[in-house]
Structures are given as structure tokens and as C-alpha cells.
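Please treat every number below as a calculation from the coordinates, not as lab data. These numbers come from a predicted model, not from an experiment. Positions of Cβ are generated from backbone atoms using ideal geometry, with glycine treated the same way; all protein chains shown enter the neighbour counts.
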Amino acid sequence: MHDYRSHLNARQPASPLHGSTRPLASGLLHCCGSHFSPFWAESSTGSMQIRVLLFGVLKSLVGQSSEILDLPEGARVDDLLAHYKDRFPQFEAILPTLAVSVNQEYSGADRTLAVGDEVGLLPPVSGGAPEAASARGAIAIVKEPIETLVVLDRLKRPQDGAAVVFEGIVRDHTRGRRTLYLDYEAYEPMAIKQMHALGEQARDRFAVSDVSIVHRLGRLQIGETSVLIVVASEHRAAAFEACRWVIDTLKKTVPIWKKEYFEDGAVWADGEPFPEETRQPGGTMGRNPASK
């Protein structure tokens, strides 16, 4: 497999909560996996800086992929959501479908934020980080074509009686419109964490030998593989069940989005709804934290 590493790009913030635009220092953020370097500068007394990441349709709505907000000390996730609701009228319609992450973990709306926190606002997903191995199974996000046979050969072993392969393929149409190509983006460090968790859960839940999950980002042409799931197991029934469960769960929980390009324009694909316990923090702005 090809290794892939990515650095999130810090962007110039616009219209922070207190009304001033605060420029970012050079080299603000270096992110690889779950390790962060501080991006915040000196804040005035009683305030703190929070980095907000925006994906999919939210990136288009706000006009940038990230920004720094000055929030009052003690502000919570629901205060941040209320800020975007006031700032962008269209945000209210999207709010019921959102999930929220804090430092790459799903979060409840009642979580108190701290200086330097990274908050992801996540629309329903539509499914660098280096390749990682659970055992022989690859858990990876790549920007090159996915090599299905390489992943499959790596996963198989003599005691396995079955290996089930699922490939998600870019098709040439969507709801009667001719598709030209797709473009995938992800909240990469969090996506890798969620993919690892899916592999572990599948092995425990279905008693399969191992699982590979590989997702491609960037521009994909018609007929190319966007996502690959391979499950090896002693028995075929468990392999089939685990493979179906992994792809169905991935499409709902892993923060990856796709934009579809047509002859007459482009749209962010409608994602499958987040599970209720994940969606609740963003959707209801209630007090109950997500269970994950």
C-alpha cells in the first residue's frame, strides 16, 4: 500500500465571536494522528481561542475550511453552535443533522471547551495518515488508486476459509444526472481513529480473523474504487456479515464527505444520518453527551 501523510492547513479566521479578526501565527498547527502543537496566541483576559474545522457543505457555507474563534472562558459546545446559528441563517436547517467532535472524539453539547481545543462540525458523512496495520489488516486513507489484490493477499492466511471483498465504485450517474467525477475529503486524523475502531469492533463482534479498510480521497473518475473493505474469516457467514456491517457503519460514522460533479454543476452528496446518539449533540443542542 502507499503511505499517505497530511497536514491540516491553518486558514485566516473570519468574524470571531467577539467581532475581531485575529490573524494566525505562522506554523500554527502541525497535526499527525492525535498529536497537536498549540496554535493559539495570547488572548485577552476572560477569553480563549478555539480552532473550528468545517467540512462538506459547512465549508461551502462559511467559505473556509477552518477558523479561530475567541470564546468566553467556560463556553460550551452549544455556545459555539449558537454562534454559527446566529452568524449563518442557513445553519439552523443543517443543525439537526450535525455531529460534533472535540479533539477528534465525538462530543456532547454540554462539554466545556478549553483553550486550544479543536472542534469539528461534521455534516452527515458520505463515504496524511500513514497506512497502519491492525494485524495484517490495512487501515488506511490514501490518495492513490486502491490496490485491491495487494490488500487481499496480505490479509489471507491458511486457516481462513473465506475472504469477502467489498469495493465501492464511482458510478456514472446519480438520480438521473450524468456524473463526471467525484471529489472526497475527510477529517483525516479522526477518520483513521474511527476506521481502527470499526476494525476492532468487527473482529470482536463477528469473531473474524481480520479486517482491512482503505478509503481514497481526492478526485476519483468513473469506475475507480473509492472504498475497500476486506474481511477474512474461518467461515464465510461471519465474513459476509462483518463486511456488510463495516461498510454500513462506515458510511454513517466515519467523517468522510464526497462532492459530485455534473455537467450543470456540483453538489455535496447527501450523507446517511449519523446514529441518534452521535447526532444528538449537534441536532438538539441538548445536555446529553454522545455515547461514543
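General observations
- Local electrostatic count at E234 - Lys and Arg +1, Asp and Glu -1, tallied over other residues with Cβ under 14 Å: +1
- Gyration tensor verdict on the stretch 132-268 (Cα atoms; rounded if a/c is under 1.5, prolate if a/b is larger than b/c, oblate otherwise): prolate
- Between the stretch 158-224 and the stretch 45-64, the C-alpha centres lie 28 angstrom from each other.
- Applied to the stretch 60-77, the Karplus parametrisation 6.51 cos²θ - 1.76 cosθ + 1.60 on θ = phi - 60° returns per-residue 3J(HN,Hα) values of 5, 5, 7, x, 7, 8, 7, 7, 9, 10, 8, 10, x, 4, x, 5, 10, 4 Hz, with x for Gly and Pro.
- Beyond 25 Å in Cα-Cα separation lie the following of the pairs K156/K259; K156/K258; K59/K251: K156/K259; K156/K258.
- Whole-Hz couplings from phi, Karplus 6.51/-1.76/1.60, listed for the stretch 98-112; x for Gly and Pro: 7, 10, 10, 10, 10, 6, 6, 10, 4, 9, x, 6, 8, 5, 7
- Other-chain or far-sequence residues with amide H under 5 Å of S226's (modelled H): G168, I169, V170
- Order of E144, E67 - criterion: other Cβ atoms within 10 Å of each residue's Cβ, fewest first: E144, E67
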